[in-house]
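Asker: One structure, pasted below without further comment.
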Amino acid sequence: MRLPWRRGRIRTYLLFVCLVFGHATPKSIAFGSLFLVLGMALQVWAKGCLHQELEVTSSGPYRLVRHPYYLANAIFDLGIAIVSGWWPVLLVLPLWWFGVYLPEIRREEARMEAIFGDDYLEYRRRVPMVVPHRRPFPKPQGEFSWYNPNLLKTEAARILPLYLGVALDMRLRDTSMGRAKLQASPWPGFSPIGAFNLFLAGGFALCLAKEFLL
């Protein structure tokens, strides 16, 4: 496996670390799940508005920040770290994330400037990078679409492990480990700890498949 200094490999290593060292609790799952859902929603919103290298996309979340998908990734990865219950990863993740993403953002913005010139320079001048703190960019004509190829091509595969983990976790009820974890569950018949472990394993398996097979 390659070193985790590229954007696409942060989550692979994060999932691995959380699988090995994590000790999720119902409280950590409840709190972290808020970030997971928010991150997934922002990912879908951003991809549904993006028209990559066809225009300077400034609709939807692109009115607020230039890189809403990267912001969504940060929120989602933070959710994984919180749910894992292993707090040292929360100290490392911000430095790791910015160390990987900032060079990627600079390369991407240089490419956009080369393609769109002054239009992108004006957009960059008026819209923050990843933290919204200015008045939203004027609303353009473009809107969100569920049929956007960027959305259909990537986000369905990313979200699938979460739902797979929840579904498979129901089988834990018939095992001694499942019964023990169900005792800590606030939802009858559902083990959030087991579901999160399966989500981590499914996500890690997906990352490995993309790394070596795709």
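Every number in this text was worked out from the coordinates using simple rules, so none of it is lab data. Computed from a prediction, not measured in an experiment: that's the story for all the values here. Using ideal geometry, Cβ is built from the backbone for each residue, glycine included, and neighbour counts are taken over all protein chains shown.
Asker: Under a 5 Å amide H to amide H cut-off, with H placed in plane at 1.01 Å, what residues pair with Met129 once short-range neighbours are removed?
Answerer: Amide H neighbours of Met129, under 5 Å, 5+ apart: Arg66.
Asker: To the nearest 0.05, what FRET efficiency results for Val131 and Leu91 with a Förster distance of 30 Å applied to their C-beta separation?
Answerer: On the way: r = 20 Å, r/R0 = 0.66.
Computed FRET efficiency for Val131 and Leu91 comes out at 0.90.
Asker: Quick one: grab the alpha carbon gyration tensor of segment 54-145, order the square roots of its eigenvalues as a ≥ b ≥ c, and give me rounded if a/c is under 1.5, else prolate or oblate depending on whether a/b is larger than b/c. Could the numbers behind the result be given before it?
Answerer: Values: a/c = 2.69, a/b = 1.83, b/c = 1.47.
Prolate.
Asker: For a protection proxy built on the mean count of beta-carbon atoms within 10 angstrom, sort 71-84, 47-60, 101-114, 21-34 highest first, please. Display every interim value, and only then the final one.
Answerer: Values: 71-84: 23.0, 47-60: 17.9, 101-114: 13.8, 21-34: 16.2.
Ranked from most to least packed, the peptides come out as 71-84, 47-60, 21-34, 101-114.
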